[in-house]
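Visitor: Structure incoming, see below.
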Amino acid sequence: MRYDLSQRLVVGIASSALFDLTESDAVFREQGEQAYRAYQEEHREDTLHKGVAFPFIRRLLSLNDLAGHPGDPLVEVIILSRNDPDTGLRVMRSVEAHDLPITRAIFRPVRSSHRFMPALNMSLFLSANAQDVREAVAAGLPAGHVLASACADDPEDPELRIAFDFDGVLADDSSERVFQADGIDGFRAHEVLNAATPHDPGPLRDFLAGINRIQRREEHEHRDRPHYRPRVRVSLVTARSAPAHERAVRSLEGWGLRVDDAFFLGGIDKSAVIATLRPHIFFDDQVGHLGGTASSAPSVHVPFGVANAGA
């Protein structure tokens, strides 16, 4: 029977984001592809350690306990790997050892698999390979580069906290272009003038829509079982401030989407807020903002728009 992905939240993840591949990547860089394959074969039974995006993926998949039937999950995670199928066995065995319900994967040696994202209804692709992510975003696909982070996860924490920047992430970069051309005063005047006009969607708008669908399922669960405590919480963390905040709020309303919290920081360093908020993943289009956040939260660079032109 055909397995339909159209009504599910589908996330693609590279093995480099899900697991810590530091040692094997060093073998590839220093000794070449054949030595890398031999290394993976030799260590096939050695479970890979958790990577930066592992806590986010584990929590996302745990939301499938809200599904009406185990065979009809709300969330599907698919491995997109540059490994060949033989060396990819270690990845899939590590998935099993960590008890992650991931059964689908694409293994394409050396080649990126991002062009298959539309066919798989993916609203997000995460990788630690910056070039793969840039190619995906250049092709108009929703992708993020997972930055190295030493932040520790609390496995007893049942929540899933997701934080987004706004411009260049949830929304397009049109206002960022105004800011770069006309400065802060021109930007504010433009946003006040267009406050009632929703932005065009940015790369992760559809991913937020998928998260909101799960939040609505949690609300139904809470109504049916009052003791159920919703686990997903979404925050907007943006450099916008009043009066430019209004267009961001009204854009979300116009798209039929929502966030639980909004931080309009007006240029205040985001790192202290992120350290207190402790999201399990934070998306921003500017690397300069993420340098300070990566130490306290898994941080993802979305290389979209004018802020990343020429980078």
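Visitor: Just the number: Rg to Rh for the stretch 1-79, Cα atoms, Kirkwood Rh, two decimals.
Guide: Value, to two decimals: 1.11.
Visitor: Lys and Arg at +1, Asp and Glu at -1: add these up for the other residues within a Cβ distance under 15 Å of N64 and post the number.
Guide: Net charge in that neighbourhood comes out at +1.
Visitor: With +1 on the Cβ of every Lys and Arg and -1 on the Cβ of every Asp and Glu, and nothing else charged, how large is the dipole of the chain about its Cα centre, in debye rounded to the nearest 20?
Guide: 580
Visitor: Another one. With charges set only on the Cβ (+1 for Lys and Arg, -1 for Asp and Glu), what does the dipole of the stretch 1-134 come to about its Cα centre, in debye to the nearest 20?
Guide: Roughly 520 debye, rounded to the nearest 20.
Visitor: For a protection proxy built on the mean count of beta-carbon atoms within 10 angstrom, sort 217-228, 9-20 highest first, please.
Guide: Ranked by mean Cβ neighbours within 10 Å, highest first: 9-20, 217-228.
Visitor: Quick check on the stretch 166-311: what does the Kirkwood estimate of hydrodynamic radius come out to from the alpha carbon pairs, in Å?
Guide: Computed over Cα pairs of the stretch 166-311, the Kirkwood hydrodynamic radius comes out at 16.1 Å.
Visitor: Shifting gears a bit: Can you pull the Rg over Rh of the stretch 233-282, Cα-only, Kirkwood?
Guide: Value, to two decimals: 0.98.
Visitor: Placing one identical point scatterer on every Cα of the stretch 36-132 and ignoring solvent, what is log10 I(q)/I(0) from the Debye formula at q = 0.11, 0.16, 0.20 Å⁻¹?
Guide: After summing over all Cα pairs, the log10 values are -0.36, -0.76, -1.16.
Visitor: Taking only DSSP H segments of four or more residues, each worth -39500 (n - 2.57), what value at 222 nm results for the chain once the sum is divided by all its residues, to the nearest 500 deg cm²/dmol?
Guide: Roughly -11500 deg cm²/dmol at 222 nm, from the helical runs in the chain.
Visitor: Hey, another quick one. Considering the options P155, H69, F56, tell which one lies farthest towards the positive end of the dipole of the chain, charges being +1 on Lys and Arg and -1 on Asp and Glu at the Cβ, about the Cα centre.
Guide: The residue sitting farthest along the positive end of the dipole is H69.
Visitor: Please give the helix 22-31 orientation as an angle from the longest Cα principal axis of the chain, in degrees from 0 to 90, rounded to the nearest 10.
Guide: Tilt relative to the chain: about 70 degrees.
Visitor: Taking the solvent-accessible surface of protein heavy atoms with a 1.4 Å probe, what is the per residue accessible area of the chain in Å²?
Guide: I get 47 Å² per residue for this part.
Visitor: Which order do the peptides 41-49, 208-216 come out in when sorted by mean C-beta neighbours inside 10 angstrom, highest first?
Guide: Result, highest mean first: 208-216, 41-49.
Visitor: If you take every residue apart from D167 with its C-beta less than 9 Å away from the C-beta of D167, what net charge results, scoring Lys and Arg +1 and Asp and Glu -1?
Guide: Here the charged neighbours net out to -4.
Visitor: Another question about this same structure. Considering only the other residues whose Cβ falls under 10 Å of the Cβ of E176, what net charge follows from Lys and Arg at +1 and Asp and Glu at -1?
Guide: Around E176, the charge tally is -3.
Visitor: Hey, any idea what % of the chain's accessible area is carbon plus sulfur with a 1.4 Å probe?
Guide: Answer for the chain is 50 percent, counting heavy atoms of protein chains only.
Visitor: Another question, then. Rounded to the nearest 5, what % of the DSSP beta bridges within the chain are antiparallel ones?
Guide: Here the antiparallel bridges make up roughly 10 percent for the chain.
The values are calculated or read from the model by the stated rules, or taken from the named source; none is laboratory data. Owing to the predicted nature of the structure, the values given are computational and were not obtained by experimental measurement. As a convention, Cβ positions derive from the backbone with ideal geometry for all residues, glycine included, and neighbour counts pool all protein chains shown. Areas reflect the complete protein model, heavy atoms only, side chains present, ligands, DNA and RNA absent. Shrake-Rupley method; radii C 1.70, N 1.55, O 1.52, S 1.80 Å.
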